[in-house]
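*Asks:* Questions regarding the structure given below will be posed in turn.
The values are calculated or read from the model by the stated rules, or taken from the named source; none is laboratory data. None of these values were measured; they are calculated from a predicted model. Here the Cβ positions follow ideal geometry from the backbone for every residue, glycine too, while neighbour counts run over all protein chains shown.
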Amino acid sequence: MNNQISIAIDGPAAAGKSTVAKIVAEKLSYIYIDTGAMYRALTYKAISNKVDLEDEQALMNILNETSIELLPSEKGQLIYLDGEDVTNDIRTSEVTNSVSIVSMHRLVREEMVSRQQSFAHSGGVVMDGRDIGTHVLPNAEVKVFLLASVEERALRRHNENIQKGFPSDLEKLKEEISLRDKLDSEREVAPLKKAEDAEEIDTTSLTIEQVVEKIMDLTNERMGRD
Ligand code: CDP
Ligand code: CDP
């Protein structure tokens, strides 16, 4: 049996996708691909170049000349944009609050999906995002859709900010997360949606370890071992 499977993890903002995806990838010695980081990297470059984020063709002109690499390191995954480390630059609130506009465009998504599929072509991958189970890896052996209440998700981001010593406003976070979820779920192209064959996990009252355990159970089941 081929034991290099693909695991798709989707869900709304701050549901815990990247945290658990990284741990699952590590446990299985698989590669982890953060697709949100790719949309963030393009958004960062577009903002830096003062490109109109509504202008699909202008975004495509940039994207076609842009290299985005996800490189593992001792500090975790690093994101390189045209050879430069932008791991922290792509997490600012300016990028976070603009990325859903950039990710709405059909041509942008087509190019991103094609790059994501080429990263994953040999299997042994854990990929997280919004459309992985529905569009990027429709044949993934394990598909998970993570949920949590918006209150819990805002609180998670808030605690993260406080831990890092960043200023944080819980109510504002809640509003920003709700708006991003709305834009991501209501867009025409590949909206945020649970794949029919995905397992839904409500993580509101689960610890990270419990979520990881559920995904590992599904994976072991699919791979035909205990
Ligand atoms: O980590 P967080 O939930 O804040 O977001 P992310 O995974 O970094 O994704 C940032 C944004 O990229 C999302 O809000 C979507 O607009 C977009 N995205 C997408 O459209 N499709 C994906 N597969 C991944 C992200
Ligand atoms: O990738 P996504 O935006 O879905 O979420 P994340 O960045 O992985 O997780 C957001 C925060 O929630 C992190 O600080 C996690 O440590 C935390 N978290 C949690 O407290 N409980 C969980 N069951 C999952 C994540």
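*Asks:* Within region 1-75, which helices (runs of 4 or more DSSP H) (wholly inside it) include 3 or more residues that are within 15 Å of ligand 2 (Cβ to nearest atom)?
*Replies:* 17-28, 35-48
*Asks:* Let me ask something additional. When the residues of region 70-91 are filtered to those that are exposed (fewer than 14 other Cβ atoms within 10 Å of the Cβ) and touching a residue at least 12 places away in the same chain (Cβ under 8 Å), which remaining residue is nearest to N161 (Cα to Cα)?
*Replies:* G76
*Asks:* Okay, moving on. Whether any residue in region 122-136 is small (G, A, S), farther than 23 Å from R222 by Cβ and under 18 Å from the mean Cα position of the chain (by Cα) is what I want to check.
*Replies:* no
*Asks:* Those residues that are out of contact with any Ser or Thr (no Cβ under 6 Å at 6 or more places or on another chain), closer than 18 Å to L146 by Cα and of a type in the set (A, V, I, L, M, F, W, C), I need them from region 180-207; list them, please.
*Replies:* Within region 180-207, A190, A198, I201, L206 meet the criteria.
*Asks:* Exactly one of (1) more than 30 Å from Q4 (Cβ to Cβ); (2) touching a residue at least 40 places away in the same chain (Cβ under 8 Å) is unmet by E160. Its number?
*Replies:* Here E160 meets the rest and fails (2).
*Asks:* Only one of these conditions is not met by I31: (1) surrounded by fewer than 22 Cβ atoms within 10 Å (Cβ to Cβ); (2) within 14 Å of ligand 1 (Cβ to nearest atom). Which number is it?
*Replies:* (2) is the only condition that I31 fails.
*Asks:* Would you be able to say whether some residue in region 42-57 is of a type in the set (D, E, K, R), loosely packed, with under 13 Cβ neighbours inside 10 Å and modelled with pLDDT under 95?
*Replies:* Taking every residue of region 42-57 in turn, none turns out to be of a type in the set (D, E, K, R), loosely packed, with under 13 Cβ neighbours inside 10 Å and modelled with pLDDT under 95.
*Asks:* If we scan region 134-141, do we find a residue that is in contact (Cβ under 8 Å) with a residue 12 or more places away in the chain, more than 14 Å from ligand 1 (Cβ to nearest atom) and closer than 22 Å to Y30 by Cβ?
*Replies:* Yes; the residues of region 134-141 include at least one that is in contact (Cβ under 8 Å) with a residue 12 or more places away in the chain, more than 14 Å from ligand 1 (Cβ to nearest atom) and closer than 22 Å to Y30 by Cβ.
*Asks:* Go through (1) under 20 Å from the mean Cα position of the chain (by Cα); (2) over 20 Å from M38 (Cα atoms); (3) in a loop (DSSP other than H, G, I, E, B) for S168 and report which single condition fails.
*Replies:* If we test S168 against (1) under 20 Å from the mean Cα position of the chain (by Cα); (2) over 20 Å from M38 (Cα atoms); (3) in a loop (DSSP other than H, G, I, E, B), just (1) comes out false.
*Asks:* Hey, can you tell me all the residues within region 9-49 that are closer than 23 Å to L206 by Cα and either touching a Phe, Trp or Tyr at 6+ places or on another chain (Cβ under 7 Å) or aromatic (F, W, Y) (or both)?
*Replies:* Within region 9-49, D10, G11, A21, K22, A25, Y32 qualify.
*Asks:* A further question follows. Residues E151, E176: which one is at pLDDT 95 or above and exposed (fewer than 13 other Cβ atoms within 10 Å of the Cβ)?
*Replies:* Selected residue: E151, the only one of E151, E176 that is at pLDDT 95 or above and exposed (fewer than 13 other Cβ atoms within 10 Å of the Cβ).
*Asks:* Within region 129-162, which residues are away from ligand 2 (no atom under 11 Å from the Cβ), part of a loop (DSSP other than H, G, I, E, B) and aliphatic (A, V, I, L, M)?
*Replies:* Matches in region 129-162: L137, A140.
*Asks:* Checking A120 against (1) within 13 Å of ligand 1 (Cβ to nearest atom); (2) farther than 30 Å from M60 by Cβ; (3) buried (at least 16 other Cβ atoms within 10 Å of the Cβ), only one condition comes out false. Which one?
*Replies:* (2)
*Asks:* Now, a different point. Can you tell me which residue is nearest to Y32 (Cα to Cα) among those in region 99-116 that are in a helix (DSSP H, G or I), within 12 Å of ligand 1 (Cβ to nearest atom) and not charged (D, E, K, R)?
*Replies:* Step by step, filter region 99-116, then rank; the result is Q116.
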